[in-house]
Amino acid sequence: MLFRGSLVVALVALAASSAVAAPLLNVAATADAADATVRNLIVERDYTGGEVQFNITYQSNRAAHLPKTLIMATGGTIAGSGSSNTDSTGYTAGVVGIAALVQAVPEVLAVSNIDGMQVINTGSESLSDAFALHISKLANKALCARDAPYDAVVITHGTDTLEETAYFIDATLQCDKPVVVVGAMRPSTAVSADGPNNLIQAVTTAVTPSSVGRGTLVVMNDRIVEAIYVEKTHANSVDTFKADEQGSVGMLLSDKAFYYHAAAKPTFKKVYDVSKVAALPRVDLFMGYQGADLDLFNASIAKGSKGIVIAGESFVANVTFLLCTGSGSISDIGIANVNAIVDKVPVVRSTKINNGFVVPGAYYPTVISSGVLNPVKTRRLLQILLALGKNSSEIRTEFEEPLKSYINFNVTSAY
Ligand code: DAS
């Protein structure tokens, strides 16, 4: 079994010294090759929009009493391999295939029938907007379509941009069935690799009946956290995916999902239908800092499509900007650059702090406030709204209205 610590240790003992990666990679390759028959299930694959099909490359034996989970593998450290068993920073992400991932933890087959699909196998930093749209469509088809074939979806993913994919699916899934996104901080070749346990916990959570109606979840390191709030909080440690302010909604106890409360919808959460969207528009993100005059707008405008923005040509709706400082504040000199483009494109301000709100108000009347969403999630929502054809004032309403009503709510008038 690829991930078994004991096997890794045994291989380390057998290997002369640094040649650990080779035998482990061979195990992975063999495991995937063993599923060659399943490749007959491959249907056409469409990565750019339109009808999506499942490219199943792993299928477990069926047990009639168990639910059906589709694992969509995308790569990342959970599918990574290093040159030594203590290497947790210099490894190659996205090399182990879906069949090997599942076969490394056969315990998952006791809780669910599993189909595996290798959507892509790469580090999550290299995933594109097209990927986000594609995997959302796949999840919707797997779970929410009429006669949907699956009870739950688990996505294995690199951790660096995991919260972007998780949030995008959370904001676009058209039904209440569980989607669980999972990764690992240590590659499969490391001592105490966290991938195997994370994977079994993710599948267990996905098929737990009380996971229904909780939106997309991230399960790692024993914790269950809502995608809308989760963030990667530590660059290297396994204890990294958290919702600092909102907390985790549950945890895994002896690999059983335990929730602290019944399912509840996050305040203000809305779900959007992107089934007819063919591509997400470009949205750029800028960091605020002392001395920032935001003339990067001008630099990007001077190159390609961003130049078209300021010229006010027809492409303008395809480029939008986000700003993020401590509370979404914008420098005096920067606001002049912002104001020069806000008639053409919506500008949304978020916060790099990753906690708290950027509240709507009179402070920057030309700029839209992101509310509780962090910059990368704000970017995703902005892409969704633009893709659905919303204009600037509609985008402002989607971002700001719920929070505005909350802030303006007068307690005494409620009695
Ligand atoms: N290589 C990074 C990624 O795929 C890191 C990781 O997975 O932990 O996001």
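Nothing in this text is a laboratory measurement; each read-out follows from the coordinates by a stated rule. In this text the structure is predicted, and so the values were computed from the model without any measurement. Don't worry about glycine lacking a Cβ; one is built from the backbone with ideal geometry, like all the others, and counts go over all protein chains shown.
If you take every residue apart from Tyr363 with its C-beta less than 15 Å away from the C-beta of Tyr363, what net charge results, scoring Lys and Arg +1 and Asp and Glu -1?
On the way: positive: Arg349, Arg396, Lys404; negative: Asp332, Glu400.
My count for the surroundings of Tyr363 gives +1.
Grab the Cα-Cα distance for His65 and Tyr406, subtract it from 0.36 nm times how many residues apart they are, and report the gain in nm with one decimal.
Numbers: separation 341, 0.36 × 341 = 122.76 nm, distance 4.60 nm.
Difference between extended and current length: 118.2 nm.
Over the stretch 74-148, what per residue volume does the convex hull of the Cα atoms give, in whole Å³? Walk me through the numbers before you get to the answer.
Working: hull volume 7.5 nm³, N = 75.
About 100 Å³ per residue, rounded to a whole number.
What number comes out for the charge environment of Asn113, summing +1 per Lys or Arg and -1 per Asp or Glu over other residues with Cβ under 13 Å away? List each step's numbers first, then the result.
Values: positive: Arg62, Lys68; negative: Asp115, Asp151.
Surrounding charge for Asn113 is 0.
With +1 on the Cβ of every Lys and Arg and -1 on the Cβ of every Asp and Glu, and nothing else charged, how large is the dipole of the stretch 99-214 about its Cα centre, in debye rounded to the nearest 20? Before the final figure, lay out each step's value.
Numbers: 6 positive and 12 negative charges, 50 e Å.
Charge dipole of the stretch 99-214: 240 debye, to the nearest 20.
Grab every C-alpha pair in the stretch 98-244, bin the distances at 10 angstrom width from 0 up to the longest one, and report whole percents.
12, 46, 37, 5, 0
Pop the C-beta distance of Thr86 and Glu394 into the FRET formula with R0 = 56 Å and round what comes out to the nearest 0.05. Write out the running numbers ahead of the final one.
Working: r = 53 Å, r/R0 = 0.94.
Using R0 = 56 Å, I get an efficiency of 0.60.
Where the only charges are on Cβ atoms (+1 Lys, Arg; -1 Asp, Glu), what is the dipole of the stretch 179-243 about its Cα centre, to the nearest 20 debye? Numbers along the way, then the final one.
Values: 5 positive and 5 negative charges, 9 e Å.
The dipole of the stretch 179-243 has a size of about 40 debye.
Amide H to amide H under 5 Å from Ser350: which residues, 5+ apart in sequence or cross-chain, H placed 1.01 Å off N in plane?
Leu323, Cys324, Thr325
Per 0.36 nm of contour for each residue apart, how much would the distance between Asp222 and Lys276 grow if the chain were fully extended, relative to their Cα-Cα spacing? Could the numbers behind the result be given before it?
Numbers: separation 54, 0.36 × 54 = 19.44 nm, distance 3.65 nm.
Extra length from Asp222 to Lys276 when fully extended: 15.8 nm.
Okay, which of the stretch 343-379 sit inside 17 Å, backbone N to the point 7 Å along the Cα-Cβ direction of Glu245?
Answer for this model: 349-361, 369-379.
So if I take the alpha carbon set of the stretch 198-252, get Rg, then get Rh from the Kirkwood formula, what is the Rg over Rh ratio? Mind showing how you got there, number by number?
On the way: Rg = 10.7 Å, Rh = 11.3 Å.
Computed over Cα atoms, the ratio is 0.95.
Can you tell me how the stretch 174-285 classifies by the Cα gyration tensor, rounded, prolate or oblate, using a/c under 1.5 as the rounded cut? Spell out each step's value before the answer.
Numbers: a/c = 1.71, a/b = 1.26, b/c = 1.36.
Here the stretch 174-285 falls in the oblate category.
What pairs in Lys276/Lys344; Lys141/Lys256; Lys265/Lys352; Lys276/Lys377; Lys232/Lys344; Lys141/Lys269 have C-alpha atoms more than 23 Å from each other? Let's see the in-between values first.
Details: Lys276/Lys344 25 Å; Lys141/Lys256 27 Å; Lys265/Lys352 25 Å; Lys276/Lys377 21 Å; Lys232/Lys344 33 Å; Lys141/Lys269 21 Å.
From the list (Lys276/Lys344; Lys141/Lys256; Lys265/Lys352; Lys276/Lys377; Lys232/Lys344; Lys141/Lys269), the Cα-Cα distance tops 23 Å for Lys276/Lys344; Lys141/Lys256; Lys265/Lys352; Lys232/Lys344.
Report the net charge of residues surrounding Pro281, where surrounding means a beta-carbon distance below 12 angstrom and charges are Lys +1, Arg +1, Asp -1, Glu -1.
Numbers: positive: Arg282, Arg379, Arg380, Lys390; negative: Asp129, Asp284.
With Lys, Arg at +1 and Asp, Glu at -1, the neighbours total +2.
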